[in-house]
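What follows is a set of notes on a single structure, which appears directly below.
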Amino acid sequence: MITVNSLSGGKTSSYIAAHYPADNEVFALVCMDDHNSNAGSKTFKIDKKVRQMVNDKLQKYCSDQHEFVCTAEDPITIKTMFDLEQYIGREIIWLRGPGFQQTTFGKSMLPNKQHRWCTSIFKIEPIFRFLYNWRSLPCKMRIGFRADEADRANTFKDTFIMNSHCEMHIDENNHFQQKSNAILTYPVTRSGYSYAIRKKEVAFRIGEFPLIEAGIVQADIQRYWQDKPVEFAADSNCQFCFWKHPMQLRNNFDIHPGIMHTAMVLEAMQGGTLHASLSMRDIKNIAPQLDLFKMRGGGCHGGYCTS
């Protein structure tokens, strides 16, 4: 059974890569398809050279996806992963799913606390597909849960529900006759033909939490990276994530105006909001704070987080 380190670009998962070598070091980048998204970023500029470097990494296993344009994460995460690869001396496999605007999240709905499949679509599914197509399943996967957040291990999911095949049936009334050999069925009608997308649950991974076992807490992680040649984002993962505190989102408007304005446009187009109580426009109009103290970040509650 192969071992896999699931990396997010944050300090905790990078600590695992540095101390617990695996057969595969994998990183999934959240992509966006708007060329304006990374405009004005104050941490790292995604220029033509950087885009080419990222596309070269993604081409190896994600050539079926669109060309990389920009990311919903802090762009400095790109530099982090290149630096980390040099630091650990092993290849990091870069993966990606569809761009944000290619999914239902970008076209007809927004991710929120009721519809929080974004981590699965943009992070977990690309990793699953890579392992399913190119390696073997199940695997032993190390996740960056620290001892001071051990409760997060309780939401860990060891299976993945994947599309297996389509079944088509045409009768004289053009009605689809359902079958019961799959856990989920989605009847669809298109061009006069009826078919169903069948899904199955697959054994995905066996979770390993070395930091919990070793008693490693956030202070240990911060202490380790303070003098290492790897630069990290102050706020990791998607910059407009609905789990983040509104004051963190307001701060991100100053640091990454392109990304945050893209989120604001998506809200306006769909007539909804990402955050439960405030729109991105409302958050932009909040007076900025001098210090966010402990408001940084937002841990995913989907059971798949790779922070």
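The values are calculated or read from the model by the stated rules, or taken from the named source; none is laboratory data. Computed from a predicted structure; not experimentally measured. With ideal geometry, Cβ positions are generated from the backbone for all residues, glycine too; neighbour counts draw on all protein chains shown. Just the protein is used for accessible areas: all its heavy atoms, side chains included, with ligands, DNA and RNA removed. Shrake-Rupley method; radii C 1.70, N 1.55, O 1.52, S 1.80 Å.
Quick one: which helices (runs of 4 or more DSSP H) lie wholly within region 195-260 and hold at least 3 residues that are farther than 30 Å from G89 by Cα?
246-255
Restricting to helices (runs of 4 or more DSSP H) lying wholly in region 1-111: which have 1 or more residues that are polar (S, T, N, Q), open to solvent by 70 Å² or more (accessible area, probe 1.4 Å) and out of contact with any strand residue (DSSP E or B) (no Cβ under 9 Å at 6 or more places or on another chain)?
Where helices (runs of 4 or more DSSP H) fall fully within region 1-111 and carry at least 1 residues being polar (S, T, N, Q), open to solvent by 70 Å² or more (accessible area, probe 1.4 Å) and out of contact with any strand residue (DSSP E or B) (no Cβ under 9 Å at 6 or more places or on another chain), they are 48-59, 76-88, 104-107.
So in region 160-187, with the set limited to residues that are open to solvent by less than 40 Å² (accessible area, probe 1.4 Å) and touching a Phe, Trp or Tyr at 6+ places or on another chain (Cβ under 8 Å), which one is modelled with the highest pLDDT?
In this case the residue turns out to be F160.
Search region 235-256 for residues being open to solvent by less than 10 Å² (accessible area, probe 1.4 Å) and among the polar types (S, T, N, Q), and hand back the single one that is farthest from T43 (Cα to Cα).
Q248
Report yes if some residue within region 113-127 is assigned to a loop (DSSP other than H, G, I, E, B), within 15 Å of the chain's Cα centre (by Cα) and in contact (Cβ under 8 Å) with a residue 40 or more places away in the chain; otherwise report no.
For region 113-127, residues assigned to a loop (DSSP other than H, G, I, E, B), within 15 Å of the chain's Cα centre (by Cα) and in contact (Cβ under 8 Å) with a residue 40 or more places away in the chain: present.
Just a yes or no: is a residue in region 101-115 aromatic (F, W, Y) and under 25 Å from A22 (Cβ atoms)?
For region 101-115, residues aromatic (F, W, Y) and under 25 Å from A22 (Cβ atoms): absent.
From F82, F68, which residue is more than 22 Å from A234 (Cα to Cα), at pLDDT 95 or above and out of contact with any Phe, Trp or Tyr (no Cβ under 8 Å at 6 or more places or on another chain)?
F68
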